[in-house]
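The values are calculated or read from the model by the stated rules, or taken from the named source; none is laboratory data. Note that the structure is a prediction, hence the values are computed from the model and not measured. A quick note on method: Cβ atoms are made from the backbone with ideal geometry, for glycine too, and the neighbour counts reach across all protein chains shown. Please note that ligands, DNA and RNA were not included when accessible areas were found on the heavy atoms of the full protein model with its side chains. Shrake-Rupley method; radii C 1.70, N 1.55, O 1.52, S 1.80 Å.
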Amino acid sequence: MAEPTPPTAEEKIAELDDELSAARRTIDVLIARLERVGSTAPTQAELFDAAVRLGNVLEQRTRELEDARSEFRALRANLDQIVRQRTRALAESEAQLRAKNAELERQFKIKGEFISIAAHELRTPLTSIVGYLELFSEGRFGELPPLIERPMNSVRRNAHRLKRLVDDMLSVSRIEAGGMVLQREQVDLGDVVTDGVPGLLPLANARRQRIETHIERIAQLDADRDKLHQIAVNLLGNAIRYTPDAGEITIHVDEAPSERYPGGWARLRVRDNGVGIAEQDRHRIFDPFLHVQPAKHHTSAGPDSAGLGLSIARGLIELHGGIITVDSQPEVFTEFTVLLPFGAPKRPSSEAPG
């Protein structure tokens, strides 16, 4: 059986006050008896004995009441001290947190500036290198010796990979700095997706992957065609990279159901049966330069990528006033859902993919 909980200081004081009140009522009763007409007066010894007993009770209860009040005051003083200590500690922690946040913001700004400078410095010589390699491959400087042709092709491929990385770094830098400008026009999202698929078919065919497209005719978007093309290519390339050989990738373009997304939204979905994404990693996969370990997943961490594809896609989607979400089950499927507004930029009332 559980032991009874000891009374608090407030309860003890209240109990003593009740006992004192009861003693006073007893005295009042005795006085009333003395004053009652026709009553037998008590003897002097009885009155003295009753007065002594009541005096002792009152003295004892008064001491207990004062002790309880002193204990209560001490507890309240201790509590006040604890509250002050905790308040000071909280204020110090808040100040430290503000200082750390300021330092993180400073480092983030320095990192962005470094990436921007490095990418710009690399872009000019890379453009020249890639251009000359293309001229060599086209035979503009004469036929290449057979022994040189194969390593030259390898150098050309890697130069293109490096140029794509530099271009991605510049895109991330511009998006984070708010320097990305959209060239808006009337765009058919279905046409953009259809035009983007052929460029990635060789990569999918090399792994015997099947790509299916389901394009519905929807209203045009007020959007940047090139940026929409980059979004679609990044998502499709990401799916190809993390879908096993002989896997399946499905692309849907339609209008989002109005009962779930009121206001008018175009919807792009890219689904694959690849490695999937663990639930605890889904909020992190859009961070730049992120390679979540140990599982492989859609962070664009392939041999020619630095984990920027999804980060760039999200940034471009948000510039258009849309959102991107992901639904996945490890080793079963992954589906990215993009919602883009038909009219002025806005936010959907629900962000769950459907």
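Being surrounded by fewer than 14 Cβ atoms within 10 Å (Cβ to Cβ) and within 30 Å of Asp287 (Cβ to Cβ) is true for just one of Glu71, Glu105, Glu134, Glu176. Which residue is that?
On the way: Glu71 fails: within 30 Å of Asp287 (Cβ to Cβ); Glu134 fails: within 30 Å of Asp287 (Cβ to Cβ); Glu176 fails: surrounded by fewer than 14 Cβ atoms within 10 Å (Cβ to Cβ).
Every option except Glu105 fails the conditions.
Collect the residues in the stretch 248-269 that are small (Gly, Ala, Ser) and either open to solvent by 10 Å² or more (accessible area, probe 1.4 Å) or part of a strand (DSSP E or B) (or both), keeping them in residue-number order.
Matches in the stretch 248-269: Ser258, Gly263, Gly264, Ala266.
Of everything in the stretch 272-291, what is more than 23 Å from the chain's Cα centre (by Cα) and open to solvent by 10 Å² or more (accessible area, probe 1.4 Å)? Give them in sequence order. Explain how you work it out, then say what you get.
Within the stretch 272-291, the subset more than 23 Å from the chain's Cα centre (by Cα) is 272-274.
Asn273, the sole residue that qualifies.
Which number in (1) touching an Asp or Glu at 6+ places or on another chain (Cβ under 9 Å); (2) farther than 30 Å from Glu176 by Cβ marks the one condition that Pro146 misses?
Only one criterion in (1) touching an Asp or Glu at 6+ places or on another chain (Cβ under 9 Å); (2) farther than 30 Å from Glu176 by Cβ is unmet by Pro146, namely (1).
Of the conditions (1) at pLDDT 90 or above; (2) in contact with a helix residue (DSSP H, G or I) (Cβ under 6 Å, 6 or more places away or on another chain), Arg184 fails just one. Which one is it?
Status for Arg184: all satisfied but (2).
Regarding Arg225, is this residue closer than 25 Å to Leu319 by Cα and open to solvent by 50 Å² or more (accessible area, probe 1.4 Å)?
So Arg225 passes the test.
Could you say which residue among Leu165, Leu144, Leu170, Leu182 is touching a Ser or Thr at 6+ places or on another chain (Cβ under 9 Å), surrounded by 11 or more Cβ atoms within 10 Å (Cβ to Cβ) and not in a helix (DSSP H, G or I)?
When all the criteria are applied, what remains is Leu144.
Six or more apart or on different chains, Cβ under 6 Å: which pairs go from a residue in the stretch 190-207 that's in contact (Cβ under 8 Å) with a residue 12 or more places away in the chain to one that's open to solvent by 20 Å² or more (accessible area, probe 1.4 Å) and in a helix (DSSP H, G or I)? Could you list them?
So the pair list comes out as Val192/His229; Gly196/His229; Gly196/Val233.
Considering (1) more than 26 Å from Ile175 (Cβ to Cβ); (2) within 37 Å of the chain's Cα centre (by Cα), say which one Arg73 fails and leave the rest.
Every condition holds for Arg73 apart from (2).
Condition first: of a type in the set (Val, Ile, Thr) and in a helix (DSSP H, G or I). Now tell me which residues in the stretch 185-204 satisfy that.
Correct list: Val192, Val193, Thr194.
Only one of these is in a helix (DSSP H, G or I), within 23 Å of Trp265 (Cα to Cα) and at pLDDT 90 or above: Ile317, Ile324. Name it. Steps first, please.
Values: Ile324 fails: in a helix (DSSP H, G or I).
Only one candidate qualifies: Ile317.
Mind checking which pairs have a first residue in the stretch 216-237 that is over 20 Å from Arg164 (Cα atoms) and a second that is in a helix (DSSP H, G or I), Cβ under 6 Å, 6 or more apart or different chains?
Final answer for the pair search is Leu221/Leu189.
Any chance the stretch 58-65 includes a residue that's free of Cβ contacts under 8 Å to residues at least 12 places away in the same chain and open to solvent by less than 100 Å² (accessible area, probe 1.4 Å)?
yes
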